[in-house]
Amino acid sequence: MSDPILSLHEARRIALAAQGFDRPRPRGRVDARHIRRVIRQLGLLQIDYVNVLVPAHYQVLFSRLGPYERSRLDDVVYRRREFTEQWAHEASILPVESWPLLRHRMDAHTMRPYGFESVMEKNPGYADRVLEELRARGPLAADDLPGPEGVPRRLVGSWFGTVPRAVLEALFGRGLLAVADRRPNFARVFDLAERVLPPEQYGRKVAREEAQRELLRRAARAQGVGTASDLADYYRMPMKETRPRLAELVARGELLEARVEGWTQPAYLHPEARRPRRIRAAALLSPFDPVIWTRPRTSRLFGFDYRFEIFIPAAKRRWGAYVLPFLHGERLAARVDLKAERSQGTLLVRAAYIEPHAEPEAVADALALELRTMAAWLGLGLGSVAVGRRGEFIKPLAAALSRGQDSNLRA
């Protein structure tokens, strides 16, 4: 049988359906069932606490569910213990049954580029002391732990700040600890992994190659269709391990080799991928949304060049500091540089740009509605969207906002 041939439109709709954008947002109250369904459909949520707008993992759910109480995500993850944290696609929230699939990585875990390992090496015996403290006292954050004797507690110039934090992170990466909670300041609270995870998951053993196959199955289900590099990136698998596992899945009929219009690389199609005839989405996407994680994939699927420029000096930014693409229908139609001005109760659109293919008035109206909805969700007020002066789309957007509710125009 010949490989399926997909048009780019078909591939886009398959990819968006796999990410949950083929269904309308819930009309009523969003509850734990909705949150659970989205996380399981995506496979994981990448955690990022940059708070220019809202921590990214909360927004990924908003893009698909609309307004919801953010405390519900915390409840599902840290109180009900249906999900946990671990390194997957960077730091991530994922179902507890995914923990055994990552065990082979934990066993070989190293975070040397971050400096955790050197801290462990310079403080021999301190990790054992940390484990003893946790075993005796229960869940603890870095600030709850005494520092090592005879050396400074603080690590000047490191992002993790202290020796206790570095050691906790290293032990977490090795699977000895799990995240039991998050404090209001977002600090991780750790406990022994066997006390956080269900026994049937903590003790479950999965052979390395089968774990890799299952991670790729989940990546394919979450992406619908993708190249080998797309699927590998979803759970950050090395390509040398990805290619033989993909070949095995194809041989078993669990994935289909396919060709996509305009793609130079072969694609892999999940046999159960939905193929909607139309996508009616209207959603702002977090910079850490799975739809746009892999920038080459974003370019191939949407013809959209996306960069996250928050760490680029302001003078060298092309689009802005915290830019969100706007999904309209099946296309990425615009991008906006956003900031939640909490002291002023305002959602500020610092810049707005539209893509050449998009119809300005329709996109402006849909985007204005999404911005007002987001402002209300963030507790900034239904009409509290202010706009700046950068970008060729700022005036049409301001006009659309004014048609709905008053909007401020400011520098």
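The values are calculated or read from the model by the stated rules, or taken from the named source; none is laboratory data. Being a predicted model, the structure only gives us computed values, none of them experimental. Positions of Cβ are generated from backbone atoms using ideal geometry, with glycine treated the same way; all protein chains shown enter the neighbour counts. The area values use the complete protein model at the heavy-atom level, side chains included, leaving out ligands, DNA and RNA. Shrake-Rupley method; radii C 1.70, N 1.55, O 1.52, S 1.80 Å.
Only residues that are part of a helix (DSSP H, G or I), more than 18 Å from Tyr49 (Cβ to Cβ) and free of Cβ contacts under 8 Å to residues at least 40 places away in the same chain: list them for the range 155-192, please.
Pro164
Residue by residue through the range 53-74, note down the ones that are of a type in the set (S, T, N, Q) and either in contact (Cβ under 8 Å) with a residue 24 or more places away in the chain or buried (at least 18 other Cβ atoms within 10 Å of the Cβ) (or both).
Hits for the range 53-74 are Gln59, Ser63.
Only one of (1) modelled with pLDDT under 95; (2) out of contact with any Asp or Glu (no Cβ under 7 Å at 6 or more places or on another chain); (3) not acidic (Asp, Glu) is not met by Ala251, so which one is it?
Only one criterion is unmet by Ala251, namely (1).
Search the range 1-25 for residues that are more than 13 Å from Gly224 (Cα to Cα) and pair each with any residue that is basic (Lys, Arg) when their beta-carbon atoms are under 6 Å apart and the residues are at least 6 apart or on different chains.
Taking only residues 6 or more apart or on different chains, the pairs are Asp3/Arg259; Ile5/Arg259.
Among Ile39, Ile47, which is the only one that is under 28 Å from Ala376 (Cβ atoms), open to solvent by less than 10 Å² (accessible area, probe 1.4 Å), in contact (Cβ under 8 Å) with a residue 12 or more places away in the chain and out of contact with any Cys (no Cβ under 6 Å at 6 or more places or on another chain)?
Checking each option against the conditions leaves just Ile39.
Among the numbered conditions (1) touching a helix residue (DSSP H, G or I) at 6+ places or on another chain (Cβ under 7 Å); (2) open to solvent by less than 10 Å² (accessible area, probe 1.4 Å), tell me where Glu257 comes up short.
(2)
List the number of the failed condition for Glu90; all other conditions in (1) at pLDDT below 95; (2) among the acidic types (Asp, Glu); (3) over 16 Å from the mean Cα position of the chain (by Cα); (4) open to solvent by 50 Å² or more (accessible area, probe 1.4 Å) hold.
Failed condition: (3).
Being touching an Asp or Glu at 6+ places or on another chain (Cβ under 8 Å) and either open to solvent by 40 Å² or more (accessible area, probe 1.4 Å) or under 23 Å from Val50 (Cα atoms) (or both) is the filter here; which residues of the range 336-379 pass it?
Of everything in the range 336-379, those that are touching an Asp or Glu at 6+ places or on another chain (Cβ under 8 Å) and either open to solvent by 40 Å² or more (accessible area, probe 1.4 Å) or under 23 Å from Val50 (Cα atoms) (or both) turn out to be Leu347, Leu348, Val349, Arg350, Ala351, Ala352, Tyr353.
Conditions first: (1) in a helix (DSSP H, G or I); (2) within 20 Å of Asp22 (Cα to Cα); (3) over 18 Å from the mean Cα position of the chain (by Cα). Ala333 passes all but one, so which condition is the exception?
It fails just one condition, (1).
Of all the residues that make up the range 267-295, how many are out of contact with any Gly (no Cβ under 7 Å at 6 or more places or on another chain) and either among the acidic types (Asp, Glu) or in contact (Cβ under 8 Å) with a residue 60 or more places away in the chain (or both)?
So the answer is 19.
Let me confirm something: among Ala358, Ala334, which residue is out of contact with any helix residue (DSSP H, G or I) (no Cβ under 8 Å at 6 or more places or on another chain) and within 30 Å of Glu10 (Cβ to Cβ)?
Every option except Ala358 fails the conditions.
List the helices (runs of 4 or more DSSP H) inside the range 52-109, counting only whole elements, that have at least 1 residues being β-branched (Val, Ile, Thr).
56-65
Among (1) among the aromatic types (Phe, Trp, Tyr); (2) under 30 Å from Ala207 (Cβ atoms); (3) modelled with pLDDT of 95 or more, which single condition is Trp293 missing?
(3)
So which residues in the range 26-35 are buried (at least 18 other Cβ atoms within 10 Å of the Cβ) and touching a residue at least 40 places away in the same chain (Cβ under 8 Å), if there are any at all?
Val30, Ile35
Only one of Val77, Val151 is among the aliphatic types (A, V, I, L, M) and crowded, with 19+ Cβ neighbours inside 10 Å. Can you tell me which?
When all the criteria are applied, what remains is Val77.
Check the range 295-317 and report whether any residue there is open to solvent by less than 30 Å² (accessible area, probe 1.4 Å), of a type in the set (S, T, N, Q) and within 22 Å of the chain's Cα centre (by Cα).
Yes.
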